[in-house]
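Let me begin by presenting the structure, written as structure tokens, before commenting on it.
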Amino acid sequence: MKLYDYYRSSAAYRVRIALNLKGLAPERAFVHLRQNVQRSDNYLALNPLGLVPALVTDGGAVLAQSLAIIEYLDETHPAPPLFPADPAARARVRGIALTIACEIHPLDNLRVLRYLLHTVGVTEAQKDAWYKYWIDVGLEALETQLSREPATGRFCHGDVPTLADICLVPQLANARRVDMDLSPYPTLNRIDAACRALPAFAAAEPARQPDAEA
Ligand SMILES: N[C@@H](CCC(=O)N[C@@H](CS)C(=O)NCC(=O)O)C(=O)O
């Protein structure tokens, strides 16, 4: 397998965590997002979305979308499972993951921020406020949900890491990178700390990747 990755990509960070949990170490290629390599002819030929991550499977299929890639890894390498067994529990885990992957992350993607700055013409300060606003809206809802639902355990769902945690940790890392105040989210912070204490999560952190920059 080959993972197209970028250290600061939170969607790629999700896939790195899942690979580590599964004990998989594919070949890696690094796509420098701030230098716009995702829009190069070579990369677009591989992944017309122009986004990372992409995973080339052992069979040569090119997979895009981090959640689809993680489900593929879970189906092809079932241990340890990244979802609980019960259908309602699985839906809860997917719901938490999708709150992050659909309701927060796309609004703060690099291409959206660039559009706001260069086409809409907002100031840097307005762009930063946008970025933080959508993270806060999503995290507030997640904090309420996770703090009151009994299914929440040491991790987002029970005491074993799932896809929900795989999405939460990179999103909080993005928030910390822009110095957001995360104190209103004690449940999310507690789960984040429990995850980051695990070697699979720790080894996936942006600063520990071969393409990391200061
Ligand atoms: N929904 C996609 C999102 C992928 C995505 O947005 N990746 C970002 C990095 S986290 C990217 O490649 N951005 C490049 C850009 O915006 O130009 C997934 O989960 O894989």
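Brief remarks on what is shown
- Screening 75, 103, 124 for residues that are away from the ligand (no atom under 15 Å from the Cβ) and under 23 Å from residue 181 (Cα atoms) leaves exactly one candidate, 124.
- Residue match in region 162-179 (condition: closer than 21 Å to residue 94 by Cβ and assigned to a loop (DSSP other than H, G, I, E, B)): yes
- Filtered residues of region 22-51 (kept if among the hydrophobic types (A, V, I, L, M, F, W, C) and within 13 Å of the ligand (Cβ to nearest atom)): 30, 31, 33, 37, 44, 46, 49, 51
- Residues satisfying the stated conditions in region 120-131, i.e. surrounded by fewer than 16 Cβ atoms within 10 Å (Cβ to Cβ) and at negative phi: 120, 123, 124, 125, 126, 128, 129
- Selected residue [under 21 Å from residue 94 (Cα atoms), near the ligand (Cβ under 9 Å from one of its atoms) and free of Cβ contacts under 8 Å to residues at least 24 places away in the same chain] from 54, 68: 68
- Test result for residue 19, surrounded by 20 or more Cβ atoms within 10 Å (Cβ to Cβ), away from the ligand (no atom under 12 Å from the Cβ) and at pLDDT 95 or above: yes
The values are calculated or read from the model by the stated rules, or taken from the named source; none is laboratory data. Everything numeric in this text was worked out from a predicted model, so none of it was measured. Positions of Cβ are generated from backbone atoms using ideal geometry, with glycine treated the same way; all protein chains shown enter the neighbour counts.
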